[in-house]
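Working notes, beginning with the structure itself.
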Amino acid sequence: MKTVNKMPRYSAYKDSDYQWIGNIPEKWNIQKLSSCLFPVSEKNRPSLPLLSITRELGVIERDIKDQDKNHNFIPDDLTNYKLLKKGQFGMNKMKAWQGSYGISNYTGIVSPAYFVFDLTKNIETEFFNWAIRSSLYVSYFGSASDGVRIGQWDLSKTRMKSIPFLIPSKNEQIAIVNFLDQKAAQIDQAIAIKQKQIELLKERQQIIIQQAVTKGLDPNVPMKDSGIEWIGIIPEHWNIKKLKYFTQFINRGCTPNYIIESEYKVINQANFSKGFFDFDNVKYTRETEYSYKNNRGVVVLDDLLLASTGGGVLGKVAHFDINTQEKYIADSHVTIIRTDKQIAQNKFYYYFLVINFELINGILAQGATNQTELQRDWLINLFLPLPPLEEQQSIVKYLDGKVEQFNKLILLETLQIEKLKEYKTTLIDSAVTGKIKITPEK
């Protein structure tokens with residue numbers, strides 16, 4: 001795709017008088033939003049479908065059956081809800097700073113707290129939607145909002161009315177819409193292909209890990225039935241043992257008292273729920289908590305950490321590989337596992353547990369008395385494969401190398417996706433502010 005700085009420009013520009021916009025094409029007009037939008041408020045249409053206004057997609061039809069997507073209360077009486085017609089501009093004024101607004105492709109009803117507007121006749125609805133949802137305008141709506149804390153910023157009507165909007169001729173508006181429709185679709189398709197490639201890489205990585213931790217590295221080794229249905233066939237010389245057979249320590253963390261900051265950091269499920277450790281929002285506790293019950297909650301290098309509560313994350317595992325002098329403890333929602341290093345290697349069981357997370361999640365939920373809480377006594381009696389220690393070490397070394405290769409490939413695809421998203425943002429901003437010239441033939 002052609003870079004934005006190599007695209008044609010207009011022959012003459014003028015100062016927009018707004019620093020955040022800069023120069024604009026000489027023949028483009030600037031109007032305040034107050035003269036572009038006319039507020040409307042029609043109610044008493046409760047039979048129409050419910051609509052939502054989102055940051056990512058603008059106006060969408062609301063799925064009232066999916067409770068996971070409906071965090072806001074829906075009253076029984078919808079007569080006070082506002083009518084939002086197809087082609088009108090709807091806005092969630094509490095989240096305008098996030099970009100929760102857009103031209104509606106549906107006719108339905110929205111919250112009475114939302115704004116609904118008609119557009120002036122000299123503005124194409126599709127052009128207005130591309131322009132107003134561009135990153136430049138989203139940031140401007142942020143500066144026109146006030147609030148006590150992020151997440152509860154309310155858009156100032158007065159400042160909103162004074163926001164400038166650039167208006168090219170009708171033909172230019174249509175040309176820009178056609179150009180952005182085509183280019184955005186191409187970029188989105190390229191992003192989707194790369195996201196699919198990432199998923200395929202992750203699937204391939206999972207297959208390699210699963211093969212190594214259940215079948216070993218030698219494809220010619222004799223196999224046997226493990227006797228455990230969910231484990232299946234394993235190498236003939238491997239054993240099947242309960243977890244307690246090869247662990248030195250397995251217990252829940254503690255329930256610490258949190259303080260503002262100290263040298264003692266607390267690990268909870270959120271710190272490793274995404275497959276890696278994230279301590280951006282870490283909590284802290286006192287030294288007395290760190291030493292609680294003979295260091296029961298202390299986390300050391302090479303520990304396995306298992307999520308002990310919560311539907312959907314129960315049994316999720318992390319390998320603590322942070323070699324640091326900092327002091328960490330696990331909270332009571334995390335189970336710490338240390339294997340007997342003369343028999344087992346923690347990293348091998350990290351690979352085994354992480355690849356079988358969903359399956360083990362179901363087993364643990366069924367075996368525990370509370371289906372959202374992992375019981376220690378049940379966990380220590382969980383049967384797992386036990387290869388010879390040297391073979392565990394060879395498998396870990398092999399998988400470490402493979403995972404590093406896959407992570408590099410996944411990172412490369414991820415960076416390319418970010419570049420495509422940045423290019424799309426720049427392209428939209430440049431087109432709707434006249435930094436590049438879009439003609440019908442483009």
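The values are calculated or read from the model by the stated rules, or taken from the named source; none is laboratory data. The model shown is predicted, which means the values in this text are computed figures rather than measured ones. Neighbour counts run over all protein chains shown; Cβ positions are idealised from the backbone, glycine included. All accessible areas refer to the heavy atoms of the entire protein, side chains included, with ligands and DNA or RNA removed. Shrake-Rupley method; radii C 1.70, N 1.55, O 1.52, S 1.80 Å.
Given the options Ala190, Ala175, name the one that is in a helix (DSSP H, G or I) and touching a Pro at 6+ places or on another chain (Cβ under 7 Å).
On the way: Ala190 fails: touching a Pro at 6+ places or on another chain (Cβ under 7 Å).
One residue alone meets the criteria, Ala175.
Give the residues of the stretch 204-239 that are exposed (fewer than 13 other Cβ atoms within 10 Å of the Cβ) and of a type in the set (S, T, N, Q), sorted by residue number.
Across the stretch 204-239, the qualifying residue is only Asn220.
So which residues in the stretch 57-80 are under 22 Å from the mean Cα position of the chain (by Cα), at pLDDT 75 or above and open to solvent by less than 40 Å² (accessible area, probe 1.4 Å), if there are any at all?
Matches in the stretch 57-80: Gly58, Val59.
Of all residues in the stretch 122-143, which are hydrophobic (A, V, I, L, M, F, W, C) and open to solvent by 50 Å² or more (accessible area, probe 1.4 Å)?
Here is the first cut: in the stretch 122-143, the ones hydrophobic (A, V, I, L, M, F, W, C) are 123, 127-128, 130-132, 136, 138, 141.
If the condition is that a residue be hydrophobic (A, V, I, L, M, F, W, C) and open to solvent by 50 Å² or more (accessible area, probe 1.4 Å), then Trp130 is the only one that fits.
Under 7 Å between Cβ atoms, which residue pairs at least 6 apart in sequence (or on different chains) link something in the stretch 416-441 that is within 15 Å of Asn178 (Cα to Cα) with a partner that is open to solvent by 60 Å² or more (accessible area, probe 1.4 Å)?
Ile436/Arg9; Lys437/Arg9
Enumerate the strands (runs of 3 or more DSSP E) found wholly within the stretch 1-56, keeping only those where 1 or more residues are open to solvent by 80 Å² or more (accessible area, probe 1.4 Å) and among the basic types (Lys, Arg). Outline the logic, then answer.
Numbers: elements: 13-15, 23-25, 29-32, 37-39, 51-54.
Where strands (runs of 3 or more DSSP E) fall fully within the stretch 1-56 and carry at least 1 residues being open to solvent by 80 Å² or more (accessible area, probe 1.4 Å) and among the basic types (Lys, Arg), they are 29-32.
Look at the stretch 82-102 and say how many of its residues are on the phi < 0 side of the Ramachandran plot and open to solvent by 20 Å² or more (accessible area, probe 1.4 Å). Lay out the reasoning, then the answer.
From the stretch 82-102, those on the phi < 0 side of the Ramachandran plot are 82-86, 88-98, 100-101; that's our starting set.
Still in the list and also open to solvent by 20 Å² or more (accessible area, probe 1.4 Å): 82, 85-86, 93-95, 97-98.
Summing the residues that are on the phi < 0 side of the Ramachandran plot and open to solvent by 20 Å² or more (accessible area, probe 1.4 Å) in the stretch 82-102 gives 8.
Inspect all residues belonging to the stretch 253-272 and state whether any of them is out of contact with any Ser or Thr (no Cβ under 9 Å at 6 or more places or on another chain), within 28 Å of Leu386 (Cβ to Cβ) and not in a strand (DSSP E or B).
yes
For the stretch 240-256, enumerate the residues that are within 16 Å of Tyr328 (Cα to Cα) and open to solvent by less than 30 Å² (accessible area, probe 1.4 Å). Can you show your working first?
Initial filter on the stretch 240-256 (within 16 Å of Tyr328 (Cα to Cα)): 251-256.
Passing the criteria: Gly253, Cys254, Pro256.
Of all the residues that make up the stretch 205-220, how many are assigned to a helix (DSSP H, G or I), free of Cβ contacts under 8 Å to residues at least 60 places away in the same chain and under 15 Å from Ser394 (Cβ atoms)?
2
Here is a yes/no grid of residues against (1) among the small types (Gly, Ala, Ser); (2) under 21 Å from Leu180 (Cβ atoms); (3) modelled with pLDDT of 95 or more:
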{"residue": "Ser100", "(1), (2), (3)": "yes, yes, no"}
{"residue": "Pro112", "(1), (2), (3)": "no, no, no"}
{"residue": "Leu119", "(1), (2), (3)": "no, yes, no"}
{"residue": "Asn122", "(1), (2), (3)": "no, yes, no"}
{"residue": "Phe128", "(1), (2), (3)": "no, yes, yes"}
{"residue": "Arg133", "(1), (2), (3)": "no, yes, no"}
{"residue": "Val138", "(1), (2), (3)": "no, yes, no"}
